[in-house]
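> Have a look at this one.
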Amino acid sequence: MSTPDKSLSGFTPFVPEETTLPELTVRAVVLGVLMAIVLGAANAYLGMRAGLTVAATFPAAVVAMAALRALGGSVLEENISRTTASVGEALVAGAIFTIPAFVISGVWDELRYWESTAIMLVGGLLGVLFIIVLRRTMVVEAELPFPESVAAAELVKAGQGGQTGAKYVFQAMGIAGAWEFIKNSNGIQIVSSSATTFVNLGRSTIDMLGQQVSYLGGFILQSPAASPALVGVGFIVGPAISSTLFAGAVMGWLLLVPLGLFLNPELVAEATDTAALVDLSTEVWMKQIRPLAVGTMIVAAFYTLFKLRTALVEGIGRAFTDIKNTRSGGGAATRQNLDLDFTKVGFGIAGLAAPLFALYWYFSQSLPGAVLLTVVMIVLGFLFAAVAGYLVGLLGSSNNPISGLTLSTLLISALLMVGLGVTGPSGILGVLGVAGVVCCAAGIAGDMLQDLKVGHILGGTPWKMEVGEIIGVVVAALVLIWPMIAMDRVYEIGSAELPAPQAGLMALMAEGIVGGEMAWPLVVSGMFLALGLILINSPSPMLIAVGMYLPFASTSAIFVGGVIAWMLSRTLASRGATPAAVTRATNTGVLLSSGFIAGEALMAVLLAFVVLGGSAMGVTQVLPSIARSALLGALVFILLYYMLVNVPIQASEEDGTSSRSSS
């Protein structure tokens with residue numbers, strides 16, 4: 001379709017252009033689909049619990065290498081399996097940030113299979129088609145670092161020498177799964193995840209307008225969640241991002257919540273003990289701080305778009321220029337630069353507008369509303385898919401801010417619905433429908449660009465990877481709502497065990513704007529907070545806002561993971577480790593972290609199905625609860641430190657690339 005990538009950048013792929021290897025095979029696709037379901041279910045739990053998901057690229061690459069190596073598979077088959085598998089995580093990331101909002105807002109009594117599947121399917125396919133248009137610009141021509149893509153490609157290259165690292169993934173899965181079994185209230189519970197108390201700073205009396213007003217000061221103090229999965233997330237994203245996220249938690253829980261208590265003396269007067277103060281603090285966070293965080297996220301999302309305006313316009317222009325050159329015979333179609341036909345892709349996008357329109361008409365019960373929502377989704381979906389992809393190229397798909405992009409879409413859609421007079425449950429359904437499709441599209445877009453970059457480095461064929469992505473989206477959309485339904489019935493979406501924070505914000509926004517009950521003073525205050533963060537060149541206003549609306553125990557556990565990653569890097573530096581040793585240690589830590597995430601999440605999903613099975617047989621308590629010790633729970637951090645520092649250091653020395661210093 002165009003000139004080879006090599007001539008543009010001097011880049012040489014791992015598998016040369018002229019080499020022909022098995023690639024899009026049945027076994028590669030089947031393995032990828034199975035991993036997509038498993039990893040997607042794991043990320044569904046993680047996302048609804050912690051409000052974050054992590055890339056499935058690393059565990060998928062390791063499992064693909066281990067499985068296909070035994071069958072004599074090629075590196076390009078492994079690439080197809082990994083590409084297909086990571087779709088499950090990406091699609092469910094979009095789903096868990098929006099679909100639970102239908103339940104939280106009250107427009108659905110429970111998650112519905114067909115409607116949810118339609119949102120995931122249409123959104124996922126649109127995300128794939130949007131990125132096909134942008135692939136060459138983002139992957140080949142743009143000078144984006146793609147940190148996770150490079151790391152995954154290096155992992156695959158190293159695996160061709162026989163060291164796949166699969167043992168680290170499965171060891172960590174076993175440890176995290178066993179821990180979740182004794183921590184989860186539906187398992188044989190022995191330990192508690194976290195301890196909570198209220199630090200009372202006493203009462204103060206201030207003269208206000210000639211009256212003596214009594215105020216109470218204090219704050220909630222929570223220990224980090226004893227969660228290998230959350231610590232693993234922090235390790236993967238690193239100290240910088242985990243610190244920024246934790247800064248938001250400090251701002252929200254230790255500044256704004258105490259301030260909210262102090263400025264609500266009438267409510268505080270009714271709280272007579274520590275438990276009541278903890279409940280009141282949580283209520284202030286949920287009802288007052290989270291809307292403020294919404295305002296921060298809205299401005300942060302549009303600020304991100306503003307910063308990317310030049311790159312996006314130029315990138316899209318180059319993509320269409322490439323199409324024209326190809327049609328005029330100005331470029332040679334090569335294996336490693338061949339996408340699916342752009343004309344068919346365009347027809348596919350137009351064709352998906354029909355079911356999209358039908359879905360929105362079904363939700364909103366308004367013909368003009370359905371037309372408008374369809375247009376909004378196509379336009380914003382493409383723009384935000386490009387933004388998500390660009391940010392993944394900068395930061396990696398673990399840091400794809402799709403919730404912020406979706407909030408921006410929801411705000412625009414909700415205001416348009418109100419303008420058309422479509423309010424009440426129908427308006428909320430329509431707005432959440434748009435948000436769901438955009439969120440799924442943005443999630444798939446970021447993940448797909450990361451996968452395509454890995455394939456670009458390894459020498460894969462783009463159109464074959466794109467076919468794998470389409471297959472993965474279809475299967476994942478049809479299957480992955482079932483684990484979400486099971487978890488909702490057992491843990492209950494919106495509860496402390498499954499807070500689904502982003503979905504709660506989506507519900508709050510939709511209800512507030514469409515229903516006319518939005519706490520606009522708080523939202524506007526959040527907008528000014530974002531402006532202040534932008535003016536001081538804050539690392540990421542979006543991450544700070546996310547930290548503000550996540551539970552403190554979750555963000556502090558993620559911060560602990562980031563600190564452990566920092567301690568590993570410091571230890572390696574003090575030993576004078578070679579670059580090869582640092583790379584091997586870091587990759588080992590990422591594999592262990594991925595195993596922790598998968599093991600804990602899959603055990604939680606398994607226990608959910610156990611409880612559902614017991615309920616079907618009339619058994620209310622399938623497994624006994626023995627104790628809930630937060631002190632015993634804290635012991636897991638010692639084990640996690642050993643696993644994420646000592647084990648990677650030992651692994652870095654196994655292949656002779658140990659430190660330069662004396663041992």
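> Any idea what log10 I(q)/I(0) is at q = 0.14, 0.18 Å⁻¹ for region 396-549, Debye with uniform C-alpha scatterers and no solvent?
Debye output, listed in q order: -0.91, -1.24.
> Okay, moving on. When the accessible area of region 491-560 is computed with all protein chains present and a 1.4 Å probe, what percentage of it is carbon and sulfur? Kindly include the intermediate steps, with their values, before the conclusion.
Values: 1650 of 2500 Å².
Whole-percent figure for carbon plus sulfur exposure: 66.
> Provide the net charge surrounding G472, with neighbours chosen by a C-beta distance below 14 Å and charges set as Lys +1, Arg +1, Asp -1, Glu -1.
Numbers: positive: R82, K464; negative: E89, D447, D451, E466, E469.
Once all neighbours under 14 Å are counted, the net charge is -3.
> Defining a contact as two alpha carbons under 8 Å apart and six or more residues distant in sequence, what relative contact order in percent does the chain show? Write out the running numbers ahead of the final one.
Details: 1255 pairs, mean separation 214.5, N = 663.
Taking the mean separation of contacting Cα pairs over the length of the chain, I get 32 percent.
> For the chain, what is the Kirkwood hydrodynamic radius in Å, using each pair of distinct C-alpha atoms?
Value: 25.4 Å, from the Cα pair sum.
> Right, another one. Counting DSSP beta bridges with both partners in the chain, what percentage is antiparallel, nearest 5?
Of all bridge pairs located within the chain, approximately 90 percent are antiparallel.
> How much net charge surrounds V231 when only the other residues with a Cβ under 15 Å from the Cβ of V231 are counted, with Lys and Arg +1 and Asp and Glu -1?
Working: positive: R49, K183; negative: E180, E600.
My count for the surroundings of V231 gives 0.
> Over 31 Å between C-alpha atoms is what I'm after, so list which of K183/K453; K183/K464; K157/K307; K307/K464; K344/K453 land there.
On the way: K183/K453 38 Å; K183/K464 43 Å; K157/K307 35 Å; K307/K464 33 Å; K344/K453 23 Å.
Pairs exceeding the cut-off: K183/K453; K183/K464; K157/K307; K307/K464.
> Efficiency by 1/(1 + (r/R0)^6): what FRET value for E654 and A276, r their Cβ-Cβ distance, R0 = 41 Å, to the nearest 0.05?
It comes out at approximately 0.15.
> Separate question: Just how far, in whole angstrom, is region 80-140 from region 470-515 if you go by their alpha carbon centroids?
Result: 12 Å between the Cα centres.
> Convert each backbone phi in region 501-512 into a coupling constant with the Karplus relation 6.51 cos²θ - 1.76 cosθ + 1.60 (shift: θ = phi - 60°), then list the ³J(HN,Hα) values in order as whole Hz, x for Gly and Pro.
Once θ is set to phi - 60°, the couplings for region 501-512 become x, 5, 4, x, 5, 4, 5, 4, 5, 4, 4, x Hz.
> List, in order, the whole-Hz ³J(HN,Hα) value for each residue of region 346-357 obtained from phi through the Karplus relation with A = 6.51, B = -1.76, C = 1.60 and θ = phi - 60°; use x for Gly and Pro.
x, 5, x, 4, 5, x, 6, 5, 5, x, 5, 4
> OK, next. What percentage of the solvent-accessible surface of region 344-478, computed with a 1.4 Å probe over protein heavy atoms, is contributed by carbon and sulfur atoms?
Whole-percent figure for carbon plus sulfur exposure: 79.
> Long-range amide H contacts for S629: which residues qualify at under 5 Å (H placed 1.01 Å from N, peptide plane, sequence gap of 5 or more or a different chain)?
V191, S192
> Scan around G218 for amide H atoms under 5 Å from its own, H built in the peptide plane at 1.01 Å from N, and keep only partners 5 or more places away or cross-chain.
Those lying under 5 Å, H to H, from G218 are L201.
> Let me ask something additional. Could you tell me how far the Cα centroid of region 426-455 sits from the Cα centroid of region 199-242, in Å?
Centre-to-centre distance over Cα atoms comes out at 33 Å.
> A further question follows. Which whole-number value in Å² is the accessible area per residue of the chain, probe 1.4 Å? Each step should come with its number before you reach the end.
Working: 24520 Å² over 663 residues.
Per-residue value: 37 Å².
> With every protein chain left in place and a probe of 1.4 Å, what is the accessible surface of D273, to the nearest 10 Å²?
80 Å²
> Run the helix sum for the chain: -39,500 (n - 2.57) per DSSP H stretch of 4+ residues, divided by residue count, reported at 222 nm to the nearest 500 deg cm²/dmol.
Mean residue ellipticity at 222 nm (helix-derived): -23000 deg cm²/dmol.
> Could you name the aspartates and glutamates in cross-link range of K287, using Cα to Cα under 17 Å and dropping any fewer than eight places away on the same chain?
Filter leaves E266, D279, E511, E517.
> Can you work out the Karplus-derived ³J(HN,Hα) for every residue in region 626-637? Use 6.51 cos²θ - 1.76 cosθ + 1.60 with θ = phi - 60°, whole Hz, and x for glycine or proline.
Calculated HN-Hα couplings, in order: 8, 7, 9, 8, 6, 5, 5, x, 5, 5, 5, 5 Hz.
The values are calculated or read from the model by the stated rules, or taken from the named source; none is laboratory data. For clarity, every value in this text was computed on a predicted model and none was experimentally measured. For neighbour counting, all protein chains shown are included, and Cβ atoms are generated from backbone atoms with ideal geometry for every residue, glycine included. Ligands, DNA and RNA are excluded from the accessible area calculation, which covers all protein heavy atoms including side chains. Shrake-Rupley method; radii C 1.70, N 1.55, O 1.52, S 1.80 Å.
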